[in-house]
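Here the structure is laid out as structure tokens; the discussion comes afterwards.
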Amino acid sequence: MRLWRHLLLARKIAVAFSLIFVATAGLGLLVLGQTAAVNHKAADIRDNWLPSTRALAQLASALAATRVSEARVVISAVSEVGSKQSDDILRLQRGQQAVEQAYATYQPLITAGVDDERLMRDYAAAWARLKQTNAAVIELARRHDLPEMLRRYGSDDRANYDAAMNAVVADVDFNATQGRLAADAGEATYRFE
């Protein structure tokens, strides 16, 4: 303490400003680190969870459209509008291609080792079965075997569609939950929790 008393006023002021500068620089570095952590969490949401949710929404939409297109094939067969049936079959086939494209878009976004991967395996298996039952319904419509077409459309085909759509919807929920968790982690960083 005696040393402090004997320092010149100019040196005391220089020491005080130096301490203030060091404290301010330390706080600045701490805040910069916390800001970087929040930014990392925001980037995780932007780069992973939002694109995944969007791609899954496109997959669900394309999948639902194929079911509608298939219903049109069934209606054409039942109402005996043969000229429309070939257009409806073509629309269904284009819808299946749209589903394939939507799934191909989503595949690189699948997170390995978590529910996302399991749900997409379930979806892929259900989609493979659905394409087979779609083909059977189309063939039965072309042969005009209405009782069997309606039975197949309402049983196996419906079950396969439901399994595929349920897997996609469950994966949308998974991605939304993970995005929310990433946002919460960013918020916790912001609050120093």
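The values are calculated or read from the model by the stated rules, or taken from the named source; none is laboratory data. The structure displayed is predicted, hence computed values, not measured ones. All Cβ positions, glycine included, derive from the backbone under ideal geometry; neighbour counts span all protein chains shown. Note: accessible area is taken over every heavy atom of the protein model, side chains too, but ligands, DNA and RNA are not part of it. Shrake-Rupley method; radii C 1.70, N 1.55, O 1.52, S 1.80 Å.
Ignoring ligands, DNA and RNA, what percent of the 1.4 Å accessible area of the range 59-193 is carbon and sulfur?
54 percent
What does the highest-first list of 55-62, 170-177 look like by mean Cβ count within 10 Å?
55-62, 170-177
Using a simple spin-label model with points 7 Å from Cα along the Cα→Cβ vector, what separation in nm is obtained for Leu150 and Ala14?
Simple spin-label model gives 10.0 nm for this pair.
Per residue, how much accessible surface does the range 87-187 expose to a 1.4 Å probe? Answer in Å², no decimals.
Ligands and nucleic acids excluded, the figure is 51 Å² per residue.
Please report the net charge: other residues with Cβ closer than 11 Å to the Cβ of Tyr153, K and R +1, D and E -1.
0
If I stretch the segment between Ile110 and Asp184 completely, what's the gain in nm (0.36 nm per residue apart, minus their alpha carbon distance), one decimal?
Separation in residues times 0.36 nm, less the Cα-Cα distance, equals 24.5 nm.
Starting from the exponent 0.38 and prefactor 2.2 Å, build the expected Rg for the range 60-159 from its residue count and divide its actual Cα Rg by it.
The value comes to 1.18.
Please report Rg over Rh for the range 110-188, where both radii come from the alpha carbon positions and Rh follows the Kirkwood definition.
When Rh is taken as the Kirkwood radius, the ratio is 1.24.
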